[in-house]
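Reading through the C-alpha cells given below for one structure.
The values are calculated or read from the model by the stated rules, or taken from the named source; none is laboratory data. The shown structure was predicted, so the numbers you read here are calculated from the model rather than taken from an experiment. Virtual Cβ from ideal backbone geometry, glycine too; neighbours counted across all protein chains shown.
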Amino acid sequence: MELPVGLACLWAATRRDPDRPAWWRMALVLAGCSLITHPFAWWGNRALVEAMPFAWRAALVEAAVVVVEGAVLRFALGLRSTTAWGSALLMNAASFGYGVWLITRG
C-alpha cells in the first residue's frame, strides 16, 4: 500500500522539478523505507501492548515511522523537507487506515 501511495506523492510533489530523482530510484528508496521501518513498528507495537492503549500506541509507533521514513526520503533522494515528511505522513496514514479498515470490516 505504501509504495504506490508514496510514488504518487513523490511524483506529484516533484513533477516540476528538473532535478527530481528517477521513478525507479524513488521506488527503491520507498521499498527500503518500508523494509527498514515495518519490523520496528511491529516490535514496538508488541512491546507496548501492556503499557498503553491502542490509540496512544499507534500514534507513537506511526509518528516514529514517519520521522524515520521522512529522514530517509529527505537524505536518500535529496528532497525538500516538506516533500519528504509530507509524503511519509501520507503514505503511512494510507497504510494505517487500510490496515484498520481490514481489521474492522470483519
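Condition check: modelled with pLDDT of 95 or more and either in contact with a Pro (Cβ under 7 Å, 6 or more places away or on another chain) or among the charged types (D, E, K, R) (or both). Does GLU69 satisfy that? Against the criterion (modelled with pLDDT of 95 or more and either in contact with a Pro (Cβ under 7 Å, 6 or more places away or on another chain) or among the charged types (D, E, K, R) (or both)), GLU69 qualifies. A search for C-beta distances below 8 Å between a residue of region 1-26 that is within 12 Å of LEU73 (Cβ to Cβ) and any residue that is surrounded by fewer than 18 Cβ atoms within 10 Å (Cβ to Cβ) and aromatic (Phe, Trp, Tyr), counting only pairs 6+ apart in sequence or on different chains, returns LEU7/TRP23; MET26/TRP11. Looking only at region 68-106, residues that are in a helix (DSSP H, G or I), aliphatic (A, V, I, L, M) and in contact (Cβ under 8 Å) with a residue 40 or more places away in the chain come to 8 in all. Note on region 50-94: among residues that are buried (at least 20 other Cβ atoms within 10 Å of the Cβ) and polar (S, T, N, Q), the one that is farthest from TRP24 (Cα to Cα) is ASN92.
Would you please name the residue that is nearest to ASN92 (Cα to Cα), looking only at residues in region 39-57 that are hydrophobic (A, V, I, L, M, F, W, C) and in contact with a helix residue (DSSP H, G or I) (Cβ under 8 Å, 6 or more places away or on another chain)?
Going residue by residue through region 39-57, those that are hydrophobic (A, V, I, L, M, F, W, C) are 40-43, 47-49, 51-52, 54-56.
Now drop any that are not in contact with a helix residue (DSSP H, G or I) (Cβ under 8 Å, 6 or more places away or on another chain), which leaves 40-41, 48-49, 51-52.
On the way: PHE40: 14, ALA41: 11, LEU48: 19, VAL49: 20, ALA51: 23, MET52: 21 Å.
Per the criteria, the residue is ALA41.
Scan region 35-67 for residues that are over 14 Å from the mean Cα position of the chain (by Cα), in a helix (DSSP H, G or I) and not aromatic (Phe, Trp, Tyr) and the total you get is 6.
Those residues that are part of a loop (DSSP other than H, G, I, E, B), surrounded by 13 or more Cβ atoms within 10 Å (Cβ to Cβ) and of a type outside the set (Lys, Arg), I need them from region 1-34; list them, please. Passing the criteria: MET1, PRO21.
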